[in-house]
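A.B. asks: Quick one: the structure is below, and I'll ask about it shortly.
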Amino acid sequence: MSILSPDHLATLEKQGIELPSWAFGNSGTRFKVFGTPGTPRDPWEKIADAAQVHTYTALAPSVALHIPWDLVDSFSDLRKHAEDLGVELGTINSNTFQDDDYKFGALTHEDAAIRRKAIDHHLACIDVMDATGSRDLKIWLAEGSNYPGQADLRGRQDRLQDSLQQIYARLGDDQRLVLEYKFFEPAFYHTDVPDWGTSYAQVASLGDKAMVCLDTGHHAPGTNIEFIVMQLLRLGKLGSFDFNSRFYADDDLIVGAADPFQLFRILFEVIRGGGLNNPDVAFMLDQCHNVEDKIPGQIRSVLNVQEMTARALLVDRDVLTAAQKSGDVLAANAVFMDAFYTDVRPALAEWRESRGLAADPMKAFAESGYQQRIAADRVGGVQAGWGA
């Protein structure tokens with residue numbers, strides 16, 4: 001008998017993890033962008049590659065776009081292209097960090113004309129959302145300062161709030177603004193949205209359609225990320241996740257690669273707080289595959305999230321609560337560790353086969369010949385953003 005109950009499997013069947021279009025393009029380090037055979041040449045091919053992940057895992061039903069990296073003549077046509085391949089277009093990500101005008105800020109800039117340019121970019125992103133049927137506009141700002149005294153810290157927060165209010169006012173009834181945070185880089189003295197508290201303060205002032213995005217790589221070493229997850233769920237302001245792994249900073253590695261136990265703990269708090277399969281909490285990957293193949297890297301990531309979700313579902317909540325209330329520290333910890341150390345992979349493989357999927361999606365994709373075909377057919381692809 002499977003260690004995963006019918007209720008567990010029913011929960012897992014509803015799980016969806018959005019893929020980032022840029023994960024399929026060329027990527028690299030701060031020193032070098034590496035080319036990869038079969039790299040997409042345009043957003044159409046990026047979506048085709050993303051659809052392969054969903055084909056073999058049934059876990060990746062949507063693809064996030066980055067503007068202007070994914071600009072096309074007709075987003076309606078791109079939407080149909082995605083739907084024909086069995087996926088949808090999801091979150092629209094803005095970009096105000098690759099333009100010379102934004103050297104000293106975009107939504108926070110001292111110059112009203114530059115702020116207007118950045119605001120108008122976000123309004124154009126909402127136009128894209130209207131055409132694609134996307135719900136979320138995700139904003140990450142590479143804004144801050146490098147030296148004490150360089151910038152008016154409070155003035156920048158005031159200007160940010162004013163800019164966000166103008167963007168928020170343009171949202172449709174069923175659309176949301178999701179504000180991401182990052183504690184440093186590329187600014188090193190101060191960052192305008194460095195932590196969940198700042199993001200929360202900004203979006204709470206906007207209204208119910210503004211939420212916080214939590215990127216698992218955007219924290220200082222040793223940060224208790226699951227505590228932040230709990231708090232944002234408790235406050236009703238956790239809008240989305242960007243899942244990845246970090247060893248040192250914002251490494252954007254395969255989720256679960258650096259610390260599987262941390263991923264398990266985060267997903268336990270997601271379940272505990274009612275965030276799993278909650279339409280108000282979007283799961284997404286944000287990764288740059290520098291040395292590994294792109295499509296298998298994304299397959300590995302979504303499978304890692306699924307596996308740790310399954311383990312987190314195995315936590316005996318009744319026994320855990322009893323141990324917590326009685327102050328039995330070791331018993332409570334043992335409940336966590338027993339679930340974490342349970343190998344759910346055979347049960348998940350058996351369940352996939354029962355649904356008409358390959359037991360081993362990584363192997364099935366490798367044997368499909370898709371990677372060899374695109375390597376032969378595509379010449380000169382760089383579509384990612386950084387490598388474009």
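A.B. asks: So, in region 183-232, of the ones that are outside any helix (DSSP H, G or I) and acidic (Asp, Glu), which residue ends up surrounded by the fewest Cβ atoms within 10 Å (Cβ to Cβ)?
C.D. replies: Applying the filter and picking the extreme gives Asp208.
A.B. asks: Among the residues of region 112-150, what is the count of those that are farther than 24 Å from Gly90 by Cα, open to solvent by 30 Å² or more (accessible area, probe 1.4 Å) and outside any helix (DSSP H, G or I)?
C.D. replies: The number of residues fulfilling the criteria is 5.
A.B. asks: Check every one of the helices (runs of 4 or more DSSP H) wholly within region 335-377 and list those with 3 or more residues that are closer than 21 Å to Ala50 by Cα.
C.D. replies: Per the criteria, 361-368, 370-377.
A.B. asks: Sticking with this one: Take the residues in region 97-111 that are surrounded by 13 or more Cβ atoms within 10 Å (Cβ to Cβ) and acidic (Asp, Glu), then tell me which one is nearest to Gly155 (Cα to Cα).
C.D. replies: Across region 97-111, the extreme among qualifying residues is Glu110.
A.B. asks: Then there is this: So which residues in region 56-81 are of a type in the set (S, T, N, Q) and over 20 Å from the mean Cα position of the chain (by Cα)?
C.D. replies: Ser74, Ser76
A.B. asks: Within region 281-326, how many residues turn out to be in contact with a Ser or Thr (Cβ under 8 Å, 6 or more places away or on another chain) and open to solvent by 20 Å² or more (accessible area, probe 1.4 Å)?
C.D. replies: Adding up the residues that qualify gives 7.
A.B. asks: Related question: When region 242-280 is examined, which residues are found to be closer than 21 Å to Lys14 by Cα, part of a loop (DSSP other than H, G, I, E, B), open to solvent by 10 Å² or more (accessible area, probe 1.4 Å) and aliphatic (A, V, I, L, M)?
C.D. replies: Passing the criteria: only Leu276.
A.B. asks: Ok, one more. Kindly indicate whether any position in region 82-96 is open to solvent by 60 Å² or more (accessible area, probe 1.4 Å) and under 20 Å from the mean Cα position of the chain (by Cα).
C.D. replies: First, the residues of region 82-96 that are open to solvent by 60 Å² or more (accessible area, probe 1.4 Å): 83-85, 88.
Next cut, under 20 Å from the mean Cα position of the chain (by Cα) only: 88.
Taking every residue of region 82-96 in turn, at least one turns out to be open to solvent by 60 Å² or more (accessible area, probe 1.4 Å) and under 20 Å from the mean Cα position of the chain (by Cα).
A.B. asks: Working carefully through the options Gly273, Gly256, find the one that is at positive phi and in contact with a helix residue (DSSP H, G or I) (Cβ under 6 Å, 6 or more places away or on another chain). Quick ask: steps written out before the conclusion?
C.D. replies: On the way: Gly273 fails: at positive phi.
Of the residues listed, the single one that is at positive phi and in contact with a helix residue (DSSP H, G or I) (Cβ under 6 Å, 6 or more places away or on another chain) is Gly256.
A.B. asks: Please count how many residues of region 66-86 are within 17 Å of Gly25 (Cβ to Cβ) and touching a residue at least 40 places away in the same chain (Cβ under 8 Å).
C.D. replies: The number of residues fulfilling the criteria is 5.
A.B. asks: Test each condition in (1) outside any loop (DSSP other than H, G, I, E, B); (2) open to solvent by less than 20 Å² (accessible area, probe 1.4 Å) for Trp44 and report the one that comes out false.
C.D. replies: The one condition Trp44 does not meet is (2).
The values are calculated or read from the model by the stated rules, or taken from the named source; none is laboratory data. Only a predicted model underlies this, so the values are computations on that prediction, with no experimental measurement involved. Reconstructed Cβ throughout: ideal geometry from the backbone, glycine too, with neighbour counts over all protein chains shown. SASA here: full protein model, heavy atoms, side chains in, ligands and nucleic acids out. Shrake-Rupley method; radii C 1.70, N 1.55, O 1.52, S 1.80 Å.
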